[in-house]
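Bear in mind these aren't lab numbers, they're just calculated from the coordinates by the rules spelled out. All values derive from a computational prediction rather than experimental measurement. Note that each Cβ is placed from the backbone with ideal geometry, even for glycine, and that neighbours are counted across all protein chains shown.
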Amino acid sequence: MAKLAKRYIGHDESASRDEKILKMREKYGARGYGLFWEIVEYLFTTNGKAELNIKIVSLAIGEDVRTVRNFLTDCIDVYQLFESDGKYFWSNRLLSQIDQIIAISAMKSKAVRSRYDKQSCKALINNDIPTQNVTKDPYTCTTDVLQVNNSSATIDEINEIEEIDSSHQKGNQSNRLVKPTMEEIEAYCIERKNAVDPIQFFDYYEANGWKVGRNSMKDWKAAVRTWERNENGGKKPKAADQDDPYAELR
C-alpha cells in the first residue's frame, strides 16, 4: 500500500454520542472512549488493518493485556465498532479514509510531475537549443504545441512557435478554465468548512469535461459553493447512512 502522506484522520464532533459508542461507554466509561481512539490511531499506522494479536496491540497503545483483550473483544463482538475475520481486525470507515488520502496524494504527485515537465521543457527551449546544427543525440520535448529535435531546430524557429503559442494562449485565456487540482479543491472545501467531498467533486466534473450543463465551467469555486448550498449539488449522490456518522466504521 502507498505511503500515507497526510498524517491525520477525521473525527466527528458527535462521535461520543454515537449509539454504539454510547453503549460501549455504559460499560467502559470515558476510559473506554480513549481506548477506542487509541486503537483507531494504531490501525491508522498499519494502513487500516492489523493482526488480531492482543499482546502487540497492548504494546502499541501502552495498556495491559487483560484490559485490551476484554475491550477489543467487546468492540468486535458486542458493539461492532471493528470488523474481524479471526486473524485480522479493521475499521471500514478508516479504510475508506485511507483510500481517500491515497487518492488525493496520487493527484498531488500527478500535478507536481505535470508542473515539473512543463518547467523542464521551458528551460530546455530557452537555454539548451544551439544556434547552429549539431550532431548530438536528438531529444523530444513533450508539450501540446512543440516537439524539438536537437539536430535541426534553430532559435528563430523556436521563437516563431513560441509567438504563435503565446498569441493563442492570450486569445483563449479569459474564457478557459484552469482546471483545479485535487489539493486545491480540498483546501477550498476546508476553508469553506463545508461537507463537499473533493474527490467526488473532481471525478464528477472530470467525467463530464468540466461543463455546467452544456457550457464550459468558468469558475470551479463557484461550483463548489453551489454544491455546498444545495446540500448534494443536485447531481452528486447522497452519502449513505446520514443518520449514523459512524456507519462505515463498523
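Here are the numbers for the structure shown:
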quantity	calculated
Looking only at the range 14-40, and only at residues there that are out of contact with any helix residue (DSSP H, G or I) (no Cβ under 8 Å at 6 or more places or on another chain) and of a type in the set (Asp, Glu), the one that is farthest from ILE102 (Cα to Cα)	GLU26
Residue within the range 112-121 that is small (Gly, Ala, Ser) and closer than 22 Å to PHE44 by Cα present	no
Set ASN47, ASN92: member being touching a residue at least 60 places away in the same chain (Cβ under 8 Å) and touching a helix residue (DSSP H, G or I) at 6+ places or on another chain (Cβ under 7 Å)	ASN92
The range 54-67 residues that are of a type in the set (A, V, I, L, M, F, W, C), paired with ones that are surrounded by fewer than 10 Cβ atoms within 10 Å (Cβ to Cβ) (beta carbon under 9 Å, 6 or more apart)	none
Total residues in the range 95-113, condition in contact (Cβ under 8 Å) with a residue 12 or more places away in the chain and exposed (fewer than 15 other Cβ atoms within 10 Å of the Cβ)	2
Every residue from the range 54-79 that is in a loop (DSSP other than H, G, I, E, B) and either surrounded by 14 or more Cβ atoms within 10 Å (Cβ to Cβ) or basic (Lys, Arg) (or both)	GLU63, TYR79
Residue count for the range 172-229, restricted to those that are surrounded by 14 or more Cβ atoms within 10 Å (Cβ to Cβ), under 22 Å from ARG115 (Cα atoms) and among the polar types (S, T, N, Q)	1
